[in-house]
Amino acid sequence: MTFLADSIPTGRDDPLYAKGQGQLQKGEWREAISTFEELQRRYPDSSAAQQALQQAQLHASIDGGRRVRARWTTLRFWPVILRLAIIAAIGFLVFTGGTLLVARVQPILLQAQETQHMQQLMVEARAFLEAGDLSAAESRYTEILAAEPANEEALQAVAIIEEENLVETLYAEAVALDDAGDVDAAMESYLELSELRAGFRDIDRRMAAITGAKKLEQLFAEANAAYDIGDVEAAIAAYEAVRERNVAFEQELVEGRLVELYFGIGDEIVKREPPSLEELSVALEAFSKALSLDPRNQLVGRERQLLKLYLEGQTAYYEERWTDAAAALRVVYDTRPGYLGDTVLNLLYESYVRSGDLYRAAGDNYLAYAHYLKAQDLPVADKSFVEGRLFYVRPLLTPTPTPVPTATPRPAYAGPPATPVPLSRYKNKIAFIADYPNLGEVWVMDPDGTNRRRLGRSASLRDQFEDLEDEERYAPEGDRFAFVQSPGGDDPNHQIFITIPVDQRDSSGTWFTQLTWLDALTSDPVWSPDGTLIAFVSGAIDSDDIWIVNVESSAGPQPLTANPWEWERHPTWSPESDRIVFWSNRNGLKQLYVMNVDGSEVINISNTAWDEYDPIWIK
């Protein structure tokens, strides 16, 4: 039996048995079951194979599929636990050391942060103080002092800020008083502030303004006091001082009284019997000052113009320019016959007689006779001076006067008069009057002064010349013409007027409109060929000058030849309306000049040793 049992194979020696045991040790129950099942198929009668299979199945059912750790793994778990214990110990030591380290380092860190914060506050405080933001600077210095009460810089800065705030408060209070008109209290505050901070902001200017205002009030009071007692010289000096300090101060009253005082000076001189030439110059200056203050004052303008004309006539009289003297004095006499007593009348009388003598000496008995008659018509007490000349010249008058030319030849002499040709045929030439070789002859020349031609002085030429002068006053369409007349009343300052075309007149019946409002006489209006401008003469600026005014716009008249004493008269337009010819005595003689329409490029086109005047540019 025993032999038989021993002879049955058990499978223990089979490699599958060792493999299954290894899987059991590793806890690989399913793999072990599979291995032992294979082993049992090989050895169906082996109880060892069956036991091994049952053991594997048991472990599998107990462990629920958990792996049974191998013995060698269980044996090595202790080193892991040892390492974990070491790590925990190290962590404990680190935690304990860190806590001790934080306890020691944290106060140092906090102190460093506080120091940095103070430094930042100081930087900001300095910047705000430098920029003038006192409020922001003060808040930061206050915070610094809360942490460091003995901080010297912060203490000094706060003291400065407090002083600045005091100065600002004083300044605001002073300005408020100043603006409210309490200048005395404001001045006291400015002075107090100046002691604390000299030159602060604009206090010097404000104190100077208050001082100036007080001085202005004082001058105004002195001027009024002098005016009230009739001290003209002192009143003028004080009122002018007021205007010099502040032209807008009581401007209407100050300028009104100055006009009154200046006019009074001039008027008083003119009414003296007789005033001297020096006194009349003072009167003219007084009238001019009054007119500069009130340019539209017609009374002042009229008196100034009359005196100016008289002085021009008187100057011409003493220079023996008799025709010029008679022209100026005649305007004065016609405007006011009793002006300066009998002075104007007597000078005018002698100027007519002497100019008649000139014409008689030149052989023009008709013009001489005309001037003698004008002298005879004047209401002088003794007319014997002119009556003898009339007695002499009357027998010399014939229906066809024979001119007596001057014997002395001149370089520019152009020979005998040309064969009569209608004056209007000389297109784009300039006709004019020349006093060579005889007084009052008609000549023509090119616009540049060349090709001069003497036409003579026949009655026919004179009539044609006057017709061309009249045509100059008409607009190119012929539906309007320009003329001069007084604006109304006894105003001697004649102005330029133009007629209104018939189809444009309204129901009021007005047939003309005023074009100029100058404070002086105007004359010689001529219409440009393009119809837009009128050139004329006015004495609104010191002497007779050429002016232009635009007919189509509201722009006022503009002077083209503003001179202190010279006369420019008798303008005439070029056919293209771009140039103007006129005569002027700017070089001592009457000469013809041409200029652009803006007054530029003035050229003498006469250049003669005798008078040439009254040009007409023939269109």
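The values are calculated or read from the model by the stated rules, or taken from the named source; none is laboratory data. Owing to the predicted nature of the structure, the values given are computational and were not obtained by experimental measurement. Cβ: placed from backbone, ideal geometry, glycine included. Neighbour counts: every protein chain shown. These accessible areas exclude ligands, DNA and RNA; they are computed on the full protein's heavy atoms, side chains included. Shrake-Rupley method; radii C 1.70, N 1.55, O 1.52, S 1.80 Å.
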Exercise. For the range 261-307, max minus min Cα coordinate along each principal axis, in Å, sorted largest first?
Worked result: 29, 15, 14
For this session: Could you go through the range 256-267 in sequence order and give the Karplus-derived ³J(HN,Hα) for each residue, using 6.51 cos²θ - 1.76 cosθ + 1.60 with θ = phi - 60°, rounded to whole Hz, and x for Gly and Pro?
Result: x, 6, 5, 4, 4, 5, 4, 4, x, 4, x, 5
Exercise. How large is the dipole of the range 432-519 about the Cα centre if only Lys and Arg carry +1 and Asp and Glu carry -1, each at its Cβ, rounded to the nearest 20 debye?
Worked result: 320 debye
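Figure the gain on full extension for L373 and E260 (residue separation times 0.36 nm, minus the Cα-Cα span) and round it to one decimal in nm. Don't skip to the end; give the middle numbers.
On the way: separation 113, 0.36 × 113 = 40.68 nm, distance 4.18 nm.
The span from L373 to E260 would gain 36.5 nm if fully extended.
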Exercise. Taking the Cβ-Cβ separation of A147 and V105 as r and a Förster radius of 25 Å, what is the calculated FRET efficiency to the nearest 0.05?
Worked result: 0.70
Exercise. Can you tell which of I546, S528, L299 lies farthest toward the positive end of the dipole of the chain, using +1 and -1 charges on the Cβ of basic and acidic side chains (Lys, Arg; Asp, Glu)?
Worked result: S528
Problem set entry | Percentage of interatomic Cα-Cα distances in the range 132-204 larger than 18 Å | 49 percent
Exercise. Under unit Cβ charges (Lys, Arg +1; Asp, Glu -1), what dipole magnitude, rounded to 20 debye, does the chain have relative to its Cα centre?
Worked result: 4040 debye
Seminar exercise, completed: Kirkwood Rh for the range 100-140 from C-alpha pairs, in Å, is 11.6 Å
Exercise. According to a simple spin-label model (label point 7 Å from Cα along Cα-to-Cβ), what is the distance in nm between D202 and E38?
Worked result: 11.3 nm
Problem set entry | DSSP bridge orientation in the range 533-587 - percent antiparallel, rounded to nearest 5 | 100 percent
For this session: Compare the Cα positions of A131, A56, Q106 along the charge dipole of the chain (+1 at Cβ of Lys, Arg; -1 at Cβ of Asp, Glu; about the Cα centre) and return the one farthest towards the positive end.
Result: A56
Problem set entry | Virtual spin-label span in nm between D479 and R505, 7 Å along Cα→Cβ | 1.4 nm
For this session: Provide the FRET efficiency to the nearest 0.05 for the L216-L299 pair, computing r from the beta carbons and using R0 = 35 Å.
Result: 0.70
For this session: Quick one: Debye curve from the alpha-carbon atoms of the range 459-531 only, equal weights, vacuum; give me log10 I(q)/I(0) at q = 0.11, 0.14, 0.19, 0.26 Å⁻¹ to two decimals.
Result: -0.34, -0.54, -0.87, -1.15
Exercise. Can you run phi through the Karplus equation (6.51, -1.76, 1.60; θ = phi - 60°) for the range 139-148 and list ³J(HN,Hα) in whole Hz, with x for Gly and Pro?
Worked result: 4, 6, 5, 5, 5, 5, 5, 4, 8, 9
For this session: State, to one decimal in nm, how far the label point of L397 lies from the label point of E130, with both points 7 Å from Cα in the Cβ direction.
Result: 10.3 nm
Seminar exercise, completed: The answer for the chain, accessible area per residue at 1.4 Å probe in Å², is 56 Å²
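Please give the FRET efficiency for I87 paired with Q116, using the beta carbon to beta carbon distance and R0 = 41 Å, rounded to the nearest 0.05. Could you put the intermediate results ahead of the total?
Details: r = 39 Å, r/R0 = 0.95.
Between I87 and Q116 the formula returns 0.55.
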Seminar exercise, completed: Within the chain, pairs of Lys residues whose Cα atoms are less than 23 angstrom apart, provided they are eight or more positions apart or on distinct chains, add up to 9
Exercise. Hey, what do the phi angles of the range 596-604 turn into as Karplus ³J(HN,Hα) couplings, whole Hz, using 6.51/-1.76/1.60 and θ = phi - 60°, x for Gly and Pro?
Worked result: 6, 5, 9, x, 8, 6, 7, 10, 7
Exercise. What residues have an amide H closer than 5 Å to that of D544, excluding those fewer than 5 places away on the same chain, when H is modeled at 1.01 Å from N in the peptide plane?
Worked result: E568
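Suppose we look only past 27 Å in the calculated P(r) of the range 441-598. What percent of the Cα-Cα pairs does that tail hold?
27 percent
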For this session: With the convex hull built on the Cα atoms of the range 160-319, state its orientation-averaged projected area in nm².
Result: 13.2 nm²
For this session: Go ahead and estimate [θ] at 222 nm for the chain from helices alone: -39,500 (n - 2.57) per DSSP H run with n ≥ 4, summed, over the residue count, rounded to 500.
Result: -18000 deg cm²/dmol
Seminar exercise, completed: From the Cα centre of the range 447-465 to that of the range 540-619, the distance in Å is 20 Å
Exercise. Full extension from N246 to E279: what is 0.36 nm times the residue separation minus their Cα-Cα distance, to one decimal in nm?
Worked result: 8.8 nm
Exercise. Hey, any idea what % of the chain's accessible area is carbon plus sulfur with a 1.4 Å probe?
Worked result: 55 percent
For this session: About the Cα centre of the range 248-337, how large is the charge dipole given +1 on each Lys and Arg Cβ and -1 on each Asp and Glu Cβ? Please answer in debye to the nearest 20.
Result: 260 debye
Exercise. By what distance, in whole Å, do the Cα atoms of the range 254-345 stretch along each of the three principal axes, largest value first?
Worked result: 43, 24, 22
Exercise. Mind checking the alpha-carbon convex hull of the range 349-397 and giving the volume per residue in Å³?
Worked result: 54 Å³
Exercise. Pulled fully out, how much extra length does the chain show between D446 and D530, if you take 0.36 nm times their separation in residues and subtract their Cα-Cα distance?
Worked result: 28.1 nm
Seminar exercise, completed: One finds the C-alpha centres of the range 309-374 and the range 279-302 to be spaced, in Å, by 25 Å
Problem set entry | Principal axis dimensions, the chain - Cα atoms, whole angstrom, descending | 214, 72, 58
